[in-house]
Amino acid sequence: MEISQNVDLEFIKTRAYIARHSYIEDMGNQLPAFEKKLMGKNFKVYWASTQDDLVSMMFELFPNKLYNRICFDIPKIPENFSNTKVVQKISVAELENGQANANILVTQADFGVVETGSLVLLNKNCKNCFNLVTNIFIILDISKLVNKLSELETILYLRSFYQTEKFLPEDVKIINRPFMRIEKSKIVGLDEFESQEVQIHVFLYDNGVTKILSDSKLRNSLYCIGCGKCKSVCPVYNYTKEHSPIDLVKANCFEEERLAGNIFKSTLLCGNCDQVCPVQVPFTDLLISEMQMSRKERKDNSGHAKVFAKRKKLNKMSKGLNRYFFLKKQYGANRMLYNYFKNQKGAFYNLKWLQEHQENEQ
Ligand code: SF4
């Protein structure tokens, strides 16, 4: 697709939505097809259901049982890697600048393409380190695949627009097959180069995806293309930096999370995320039904849970004195969130949506 500022954004959004829909709704067929393609190209493929699975598989695959130098380029390194003497963590900068070497690089792919059996890595810090290790562990969330290469192009185009307001290409690295690492011969005096195949281990990571998929409402959250827009407009995330709206919605598929009731503390149901999501994840709808589920499971009758899980009450809380007292009581101690809502001109809940759904009030 030609990159131009005159593109019809609605058209691109529709195409991206269709692309996500066609993969997610047919994941049962597409995922095995992707695995077959990867294995046909000599990638090593593993399935990991949970983080514990993922970590123990990686430990099993370490080339050295006693000591490994590992460079991580992932958002959060699991604790197990810190609590062991078998692993020494090397930073991307150390590896790239030649200050240290590593035998494994752990990173994650942002997308996989079923049609071509390719792994797509976006904006990675470690982009210059692939030829510096002999083993690369790549984690891929099983919801982050597209059926065709042309669909990937649409999604990248849209992500770029949502992140930068320009149709600028992201820093894309596509891995189509394991590659050779070329280095100067280690034999002293020999001015030759040696090559060695870099082993690429791909971890197809479930982490709740199949659970979410089995929930007819929640599965919409899997359409996410990772543009980050919902995060940027979320007042709670901007304050706490803990849960983006999409992470919050997905995390609640785990029973422990529902029982902890974190959802009540991590959203204000302002509806900002609903407004901006390019693939129409219905956040307010999902959050309210998750709150209802959470409240029921926890048998929680506290004021906060009651108000947030009931649509009629939410409506009332958006108005006049109710609004004032509610804000004082719930957010009085949190000046930033309190001020955010106090200064908002209109209703702070997604009233339009609430009104449309009032007949369904429980
Ligand atoms: S859920 Fe958030 S990150 Fe995902 S596509 Fe929608 S706005 Fe972007």
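From most to least packed by mean Cβ count within 10 Å, the peptides 105-111, 28-34, 169-175, 67-73 give 105-111, 67-73, 28-34, 169-175. Selection among 309, 322, 284 by position relative to the dipole of region 214-360 gives 322 as farthest towards the positive end (Cβ unit charges, Cα centre). Greater than 28 Å separation of Cα atoms is the criterion. Which listed pairs, 36/124; 44/148; 41/166, meet it? Pairs exceeding the cut-off: 41/166. Would you mind classifying region 214-360 by shape? Square roots of the alpha carbon gyration tensor eigenvalues, ordered a ≥ b ≥ c; an a/c under 1.5 is rounded, otherwise it is prolate if a/b is larger than b/c and oblate if not. Note, shape of region 214-360 comes out rounded. Here is the short version for the chain: 71, 224, 227, 234, 253, 270, 277 have no other Cys C-beta closer than 4.7 Å. Translational diffusion of region 1-142 was estimated from the Stokes-Einstein equation, with Rh taken as the Kirkwood radius over Cα pairs; at 25 °C and 0.890 mPa s the coefficient is 141 µm²/s.
Each Cα pair under 8 Å and six or more residues apart adds its separation to the average, and for the chain the resulting relative contact order is 15 percent.
Between residue 216 and residue 128, the FRET efficiency estimated from the beta carbon spacing at R0 = 41 angstrom works out to 0.40.
Per residue, the accessible area of region 58-196 comes to 51 Å², computed with a 1.4 Å probe over protein heavy atoms only. Among residues other than residue 115 with Cβ under 11 Å from its Cβ, the summed charge is +1 (Lys and Arg +1, Asp and Glu -1).
Let me know the shape class of the chain, please: from the alpha-carbon gyration tensor, a ≥ b ≥ c as square roots of the eigenvalues, rounded when a/c is under 1.5, otherwise prolate if a/b is greater than b/c, or oblate. Prolate, since a/c reaches 1.5 and a/b exceeds b/c.
Taking the DSSP beta bridges with both ends in region 1-156, the antiparallel portion is around 15 percent. Here the accessible area is traced with a 1.4 Å probe on the protein chains. For region 32-169, carbon and sulfur cover 50 percent of it.
Within the chain, DSSP assigns beta bridges of which about 30% are antiparallel (rounded to the nearest 5).
The trypsin sites (Lys or Arg not before Pro) of region 208-313 meeting both criteria, a DSSP state outside H, G, I, E and B (loop) and at most 11 other C-beta atoms within 10 angstrom of the site's C-beta, are 241, 299.
The values are calculated or read from the model by the stated rules, or taken from the named source; none is laboratory data. No experiment lies behind these values; they were computed from the predicted model shown. Ideal geometry is used to build each Cβ from the backbone, glycine not excepted, and the neighbour counts take in all protein chains shown. Areas reflect the complete protein model, heavy atoms only, side chains present, ligands, DNA and RNA absent. Shrake-Rupley method; radii C 1.70, N 1.55, O 1.52, S 1.80 Å.
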